[in-house]
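> First the structure, which I've put down as structure tokens, then a few questions once you've had a look.
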2 protein chains.
Amino acid sequence: MKAFVTGGAGFIGSHVVDRLIEGGNEVIVYDNMSTGIEDFISHHYENPRFKLTQGDVLDLKKLSQEMKGADIVFHFAAHADVRSGFNDHKIDLEQNLIGTINVLEAMKEGGVKKIAFASTSSVYGDAAIIPTPENYPFSPTSLYGSSKAAAETYIATFCEYYNMTAYIFRFVSWVGERYTHGLVFDFLNKLKKDPSTLHVLGDGTQKKSYLYVKDGVDAIFTIIEKSKEKMNIYNLGNDEIINVTDSAKVIIDEAKYKNVKLVYEGGDKGWIGDNKYVLLDTKKLQSLGWKASKDTREGLRITTRYLLDNPKIVKKRNEKSIFKI
Amino acid sequence: MKAFVTGGAGFIGSHVVDRLIEGGNEVIVYDNMSTGIEDFISHHYENPRFKLTQGDVLDLKKLSQEMKGADIVFHFAAHADVRSGFNDHKIDLEQNLIGTINVLEAMKEGGVKKIAFASTSSVYGDAAIIPTPENYPFSPTSLYGSSKAAAETYIATFCEYYNMTAYIFRFVSWVGERYTHGLVFDFLNKLKKDPSTLHVLGDGTQKKSYLYVKDGVDAIFTIIEKSKEKMNIYNLGNDEIINVTDSAKVIIDEAKYKNVKLVYEGGDKGWIGDNKYVLLDTKKLQSLGWKASKDTREGLRITTRYLLDNPKIVKKRNEKSIFKI
């Protein structure tokens, strides 16, 4: 199988690439390297089944050219920083929605019939049903969530128009090796600057679940192998939730900081558009035989160790500013 | 109240304008007149509470300027031809989604806190639950449906970010006075050219419900008056459904054509992206005390008579090509 992976040099995308290469597939990574990291894919550079193309999903011409002949597209390129959409209204629209529409147009042009898409639990917003099932209606509270929800609706229509098949993964936050943005990253950055005090956004009671990256990648390939609908929509998450204060304590403990004072700021939510309680119903995924190997706390510890053990990656990621058009 | 009505010179928009003026409100119609018809609003030209501004929702600068001081926006400007999106992928995205995002940005700029939005039953696609309730997840099968579903997700986020209130109306097809596109319009146009044979898209078994425009406008104002959520999402439709063959027979009968042969073409669906069976669950709307005054067949008869009695309007509408950017 020839797989085309947008965002294949990113955190999740590069793990998908590893799994594809392990499985004997041909892989083309299409990444603008705005937040992607070469170290995540450079171990494949000598492999003749691997190719890296630096390109942007907003460049439809190049995207179409490079995608030709692919059997499946893993569309993982995205602007993944949920918070920043509040101050920059265009970034999610362009990077996530228009980017996805371009991927679909390129698939149509090239006759590519399968898409695996990184969606998000943010499409549900502050869901009234917890754990939230897949048939819960979209009610996003962030432009990140809107752009991903909107992208899903475009995927649905392209599947109808052009007889495509879609695998849609609605993720909670992922953790694990190559994790390079989000709560653990931010907390460790802050602790490095000031080991005595950790400023926490929100009141610490926001509850989230985190999915360990290798479990998430298992889920992706389980779904693609076993789910046989036209639109295969699955929640991906962990059954265990943890509040932000406890997450901070796990990270502080794993990083061996002592006597850190937690200071809460910004009201009850972490930021405008944040969801206070994210827990997905993953019964549909579990019915395919998938089970998480790591719980939320283990995932946070692995991530903490990874970031402490890889200061060069942290430095590189800190140097990459959020990509702007 | 000062109301800003995009698409206010269109079929539904102009009825909303009538009702607003009757209610003693100030009204600014903002319409690019691409498919709007002056005759639908010209009876208000002498009214000091009425103003027409020719402008496009894609012109954010003008939109923001003109919207200033409004208490509520009725966003009814749209590309409403469901079929054409298959051949022109940009038109729904630009006219419906980007147009709506511009309306939201202009509201944010001007501090306007209420939006009433014309959405569509097409957001549900080929729903597995009939009649389809509001909490049915989005699964559109047309770019028209995608663009409206996507627009709803952006409205949800703007409501969260900027403390706005939204009234979202998911319509079936409307019929009645000033109806200027869709099934009745197409059938009468075809019958005028050839009164012996009517070519019907699909196999005639597609079932739809139609809402009489004055009932629909009653529903809109009932919802705005009585519904008190942040996001007030309502299906608007008629409990009675009718298949396309029977619709054709009603129209032929009302127009007094005799011995018309029906010829079916294009497979079981009317067109790619069409939904074979559209019936909305309107219990939520009915719980506010609303009830339709006309059933689907009466609506079709009124529409047929209206089009036959207003050949000048039909001519004007036929002359207006579908707006392209």
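The values are calculated or read from the model by the stated rules, or taken from the named source; none is laboratory data. Everything quoted here is computed from the prediction, not taken from an experiment. Don't worry about glycine lacking a Cβ; one is built from the backbone with ideal geometry, like all the others, and counts go over all protein chains shown.
> Is it the case, given these coordinates, that B:VAL213 is touching a residue at least 40 places away in the same chain (Cβ under 8 Å), crowded, with 21+ Cβ neighbours inside 10 Å and assigned by TED's automatic domain parsing to the domain that holds B:GLU134?
Spelling it out, B:VAL213 is indeed touching a residue at least 40 places away in the same chain (Cβ under 8 Å), crowded, with 21+ Cβ neighbours inside 10 Å and assigned by TED's automatic domain parsing to the domain that holds B:GLU134.
> Given the structure, is B:LYS148 within 16 Å of the chain's Cα centre (by Cα), of a type in the set (Lys, Arg) and either surrounded by fewer than 23 Cβ atoms within 10 Å (Cβ to Cβ) or at pLDDT below 95 (or both)?
No; evaluated as a whole, the condition is false for this residue.
> Give the range B:66-106 a look and list any residue that's touching a helix residue (DSSP H, G or I) at 6+ places or on another chain (Cβ under 8 Å), of a type in the set (D, E, K, R), surrounded by fewer than 24 Cβ atoms within 10 Å (Cβ to Cβ) and within 11 Å of chain A (Cβ to nearest Cβ), or say none.
Across the range B:66-106, the qualifying residue is only B:GLU105.
> Here's another thing I want to ask about it. Has the range A:230-237 got any residue that is in contact (Cβ under 8 Å) with a residue 40 or more places away in the chain, more than 14 Å from chain B (Cβ to nearest Cβ) and either assigned to a helix (DSSP H, G or I) or farther than 16 Å from A:PHE171 by Cβ (or both)?
Taking every residue of the range A:230-237 in turn, none turns out to be in contact (Cβ under 8 Å) with a residue 40 or more places away in the chain, more than 14 Å from chain B (Cβ to nearest Cβ) and either assigned to a helix (DSSP H, G or I) or farther than 16 Å from A:PHE171 by Cβ (or both).
> Inspect all residues belonging to the range A:151-167 and state whether any of them is within 7 Å of chain B (Cβ to nearest Cβ) and under 25 Å from A:SER84 (Cα atoms).
Checked the range A:151-167: at least one residue is within 7 Å of chain B (Cβ to nearest Cβ) and under 25 Å from A:SER84 (Cα atoms).
> Scan the range B:185-193 and tell me whether some residue there is within 15 Å of the chain's Cα centre (by Cα) and closer than 17 Å to B:GLY13 by Cα.
No - not one qualifying residue is present in the range B:185-193.
> Find the residue count for the range A:91-108, including only residues that are of a type in the set (Gly, Ala, Ser) and either free of Cβ contacts under 8 Å to residues at least 40 places away in the same chain or within 24 Å of A:LEU211 (Cβ to Cβ) (or both).
Here the count works out to 1.
> From A:GLU46, A:GLU38, grab the single residue that is without any contact (Cβ under 8 Å) to a residue 24 or more places away in the chain, out of contact with any Ser or Thr (no Cβ under 6 Å at 6 or more places or on another chain) and either among the basic types (Lys, Arg) or not assigned by TED's automatic domain parsing to the domain that holds A:GLY273 (or both).
Criteria check complete, one pass: A:GLU46.
> Quick check on my filter: what residues within the range A:109-143 are at the interface with chain B (Cβ under 9 Å from one of its Cβ atoms) and in contact (Cβ under 8 Å) with a residue 40 or more places away in the chain?
If the condition is that a residue be at the interface with chain B (Cβ under 9 Å from one of its Cβ atoms) and in contact (Cβ under 8 Å) with a residue 40 or more places away in the chain, then A:VAL123, A:GLY125, A:ASP126, A:GLU134, A:THR141, A:SER142, A:LEU143 are the ones that fit.
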